[in-house]
Amino acid sequence: MHVLIGKRQLVLAGLVVMLGLAVFVNWYFTNNGAPLSPEGPAQTERSDAENGAASYVSSEAAAEFFAEAKHNREVSLAAALEKLEAVMASSGAAQTDISAAQEQIAALTAAAKLETDIESLVSAQTGGDCVAVVGDNAVEVIVTHDMLNDTAVLQISDIIHSVCGSKYENIRVSAAIA
């Protein structure tokens with residue numbers, strides 16, 4: 001007897017079914033629940049914010065953004081230092097807790113000094129405002145959009161490298177957008 005359905009036909013049929021299923025899933029998830037009509041999918045008006053469009057910060061908004069970011073950083077640093085100092089002042093704290101708190105205070109103040117140094121040098125060399133964030137393994141500097149060009153990025157990267165000793169691949173320079 002001759003076999004009517006071979007392995008090739010079964011594999012081909014399976015692939016066709018999987019392709020059909022992939023097309024259906026793609027259609028289902030891109031439809032977004034809009035009812036279908038003969039004219040095509042219903043179009044809805046969306047604002048730029050809903051579409052994910054970036055809007056650049058104006059000079060006033062940029063100044064406000066940088067001032068608010070620096071203020072928030074100072075407030076969070078003060079709160080962290082206050083908690084660590086409370087641990088150090090606690091009469092029931094173990095010596096290991098006190099020494100760990102001292103190390104964290106030293107690390108926080110060192111990072112704050114690096115951030116301030118970077119911001120001062122970047123502002124002096126580029127003439128614009130910025131916010132620096134020093135992390136464990138990376139440094140990020142946020143500048144105004146009009147200040148972001150290849151030359152400024154190289155200047156900022158060199159400043160960060162000379163101040164922190166960070167590797168260039170761990171440096172990120174970005175523009176502030178709203």
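Name the residues in segment 94-108 that are among the small types (Gly, Ala, Ser) and either closer than 23 Å to residue 71 by Cβ or part of a helix (DSSP H, G or I) (or both), would you?
Selection gives 99, 100, 101, 106, 107.
Can you confirm whether residue 122 is free of Cβ contacts under 8 Å to residues at least 60 places away in the same chain, in contact with a helix residue (DSSP H, G or I) (Cβ under 8 Å, 6 or more places away or on another chain) and under 19 Å from residue 69 (Cα atoms)?
Taking the combined requirement at face value, the residue satisfies it.
Are any residues in segment 122-159 outside any loop (DSSP other than H, G, I, E, B), hydroxyl-bearing (Ser, Thr, Tyr) and surrounded by 16 or more Cβ atoms within 10 Å (Cβ to Cβ), and if so, which ones?
Selection gives 126, 157.
Only residues that are more than 16 Å from residue 100 (Cβ to Cβ) and surrounded by 12 or more Cβ atoms within 10 Å (Cβ to Cβ): list them for segment 75-89, please.
Of everything in segment 75-89, just one residue is more than 16 Å from residue 100 (Cβ to Cβ) and surrounded by 12 or more Cβ atoms within 10 Å (Cβ to Cβ), namely 77.
The conditions are (1) modelled with pLDDT under 85; (2) closer than 30 Å to residue 162 by Cα, and residue 123 fails exactly one of them. Which is it?
The failed condition is (1).
Identify all residues within segment 160-172 that are among the hydrophobic types (A, V, I, L, M, F, W, C) and either under 20 Å from the mean Cα position of the chain (by Cα) or not in a helix (DSSP H, G or I) (or both); write none if there are none.
Result: 160, 171.
Residues being under 11 Å from residue 172 (Cα atoms) and among the hydrophobic types (A, V, I, L, M, F, W, C): count how many of those fall in segment 119-142.
7
The conditions are (1) part of a helix (DSSP H, G or I); (2) over 14 Å from residue 73 (Cβ atoms), and residue 111 fails exactly one of them. Which is it?
With (1) part of a helix (DSSP H, G or I); (2) over 14 Å from residue 73 (Cβ atoms) applied to residue 111, the lone miss is (2).
The values are calculated or read from the model by the stated rules, or taken from the named source; none is laboratory data. If you're wondering where the values come from, they're calculated on a predicted model, not measured in any experiment. Cβ atoms come from the backbone with ideal geometry, glycine included; neighbour counts cover every protein chain shown.
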